Amino acid sequence: MPTPQPTPSTAPVPAPRPAPSPTGPAHASIPAQLAALPHHPETATPPQPSPAPPHAPRPNPEPSAPPPHTTPPTPGPSLANPAPSPATAHRPTPPTLLADRPDGTVLRTGPTVAKAHAPDCDPADLAARLRVAAHPRLHGVLLPPLPLTAPDGFLVLLDDGRPATRWPYGAPVAPDDPEGAPWEDAARLLARLHAVPTARLPGPVPPMRGPAKAARALTRMRQAEVTSPALRAAADTVERAWSPLPAWARGQAPSPRADALCHGDLHLGQLVRHPAPDGPWLLIDIDDLGLGDPAWDLARPAAWFATGLLAPAVWTRFLDAYRAAGGPAVRPDGDPWPELDVPARALTVQTAALAVAKAAAAGRALDEVEAALVDACARMASPPPPAESGSPAVG
């Protein structure tokens, strides 16, 4: 794949082309349209990420481990899928449907993965994010998209107007191997992402969508049919924790800090090894990528630590790895919570709201981890006791 050339910040985003339908005028299914996405001639061999610069540590073959229950569920469809066994590695691989939900459909075919993004995904903003992900300054940090229609044509529109993209396959974090969770690698990748000089990227770069995603989680909870008294009480608790957050954390105002390139939805499901199975770790899923407060990308593990879902030793290694790599989200030493407190609170409320909505939809009670998140919201909504330096206020 040729190296995309930087474009002026005022350059218009090319209009995406509709994807050809394999069944003619009638709309084909989303998976069928993904299987028929065009292949640009220069994508016969998926691009390889550039080697990390000398100062960036190489992936640790034995990264630190979270508690078994801290590996998060992937909030949206992932680009990753378990690697094929050696016995089947050289056989033609039929398309494999990895996810087919209202918020996204993912289809793997051999060494590539095609994704239909959410129906409300803005194609122009996604095109801008794709150009950033393909930029040379992000090689070795983000998995690069594969061109579909031209060297810089990274998306097409499906029959229903949803944007679709194609990516190289990457081997994900093993969900049944908490000992192999790459927390330090994630931290170093975030530090490199946050240090990218945004003025040299193709623009305009959209805002990071983390706060907007938190607000959508609250909307989803409010629209859920919550009939259980226990779930109703949990929803009320989540609302009380949400309302005191500043407007920017609720997606109702610009962030007071928007000087860094942020992932927007960091969790362990957002890392893959590419080339699979032993390549370096890379970040995937750029739907929320954009300019914002880099502390947001540290907020989910910070919230898990504060609520007791992430072991203190794991959190310390994550934070130390981020600081050692020069990450700008928090001060280089000392208490990180002045920067992390508001984003960690927002991510706690977001996760708790989704937990209530999912439990209501399934007609079940909250599980142990979900209840712990709601309990954290209850503590957030109560008058706080005097906090010691270095102690989170979330939990």
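Structure values in brief
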item	result
Order of GLU179, GLU370 under a 10 Å beta carbon neighbour criterion, fewest first	GLU179, GLU370
Label-point separation, ALA371 to ALA195 (7 Å along Cα→Cβ), nm	4.4 nm
Net length gained if the chain between ARG364 and GLN252 were fully extended (0.36 nm per residue, minus Cα distance)	37.1 nm
Extension gain, ALA124 back to LEU97 (0.36 nm per residue minus Cα-Cα distance, nm)	7.1 nm
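No lab work stands behind these numbers, since they all come straight from the coordinates. These numbers come from a predicted model, not from an experiment. Don't worry about glycine lacking a Cβ; one is built from the backbone with ideal geometry, like all the others, and counts go over all protein chains shown.
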